1. State all residues of the stretch 51-95 that are within 25 Å of D116 (Cβ to Cβ) and basic (K, R); if no residue qualifies, say none.
2. Can you tell me which of D116, D93 is surrounded by fewer than 16 Cβ atoms within 10 Å (Cβ to Cβ) and under 25 Å from the mean Cα position of the chain (by Cα)?
3. From (1) under 29 Å from S48 (Cβ atoms); (2) part of a helix (DSSP H, G or I), pick out the condition that doesn't hold for A131.
4. Can you find a residue in the stretch 147-158 that is more than 28 Å from D102 (Cβ to Cβ) and part of a helix (DSSP H, G or I)?
Amino acid sequence: MSKIMMWFRKALLAAVVAALGLSALPTASVFALGLNDTTTPPAPGWFSNARLEMSWTREQAIYARLGRLFDQSGEMIVNAQKLIDQAKSNGKDVSAVQSALDALIAAIKQARPVYDGGQSVITSHPGFDNAGNVTDVTQAKATVKSVGDTLKQIRQIVEGPRKALREAVKAFRDANKPVGTPAIDPRGG
């Protein structure tokens, strides 16, 4: 190899090492403000329009999904009841699953009027235009809070019975699995 080629390789290697070394250094300086700093931080709970719009869009999506679940709940309950009746006709003890399903049905009936009551806020959407943009920050905050409170109330009504039904079904499956079958966790564990 020629001396020029060796020199060129060494120069290129030195340049790469120098570039990597310099890239680790900060590119901008940061200085602390002096004692005369007069800027005030934003007040707690301050929301930007973009954040309100994002919250509004998210709450509308959750509300729509809940509506679809409420609309489909009748069919899901009928199908669950058919499975319970079939297991009962096979001589299985379904009392825990049946009582958990009955509790969930009652919770859904209790939560439906809460959902329907929140529909007026979704439809009128005070503080937002039809595109979901903030028109009045104060009203928009109140709207987001109102819908959020409605969703929270629905969750509080339905969450306990939903979990109880899930646990009752799991216990039923564990109690009625065929002999010699290893326990399989449906969640992949």
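1. The answer is R58, R65, R68.
2. On the way: D93 fails: under 25 Å from the mean Cα position of the chain (by Cα).
Answer to the check: D116.
3. (2)
4. Kept after step one, since they are more than 28 Å from D102 (Cβ to Cβ), are these residues of the stretch 147-158: 147-148.
Next, from what is left, pick out any that are part of a helix (DSSP H, G or I): 147-148.
Checking the stretch 147-158: at least one residue is more than 28 Å from D102 (Cβ to Cβ) and part of a helix (DSSP H, G or I).
Let's see how each residue does on (1) among the charged types (D, E, K, R); (2) within 30 Å of R58 (Cα to Cα):
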site: V94; (1), (2): no, no
site: I108; (1), (2): no, yes
site: S124; (1), (2): no, yes
site: G127; (1), (2): no, yes
site: D149; (1), (2): yes, yes
site: A168; (1), (2): no, no
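All of the numbers you see were taken from the coordinates with simple rules; none came from a lab. Predicted model, so just to flag it, every value in this text is computed and none were measured. Here Cβ is always computed from backbone atoms with ideal geometry, including for glycine, and neighbour counts include all displayed protein chains.
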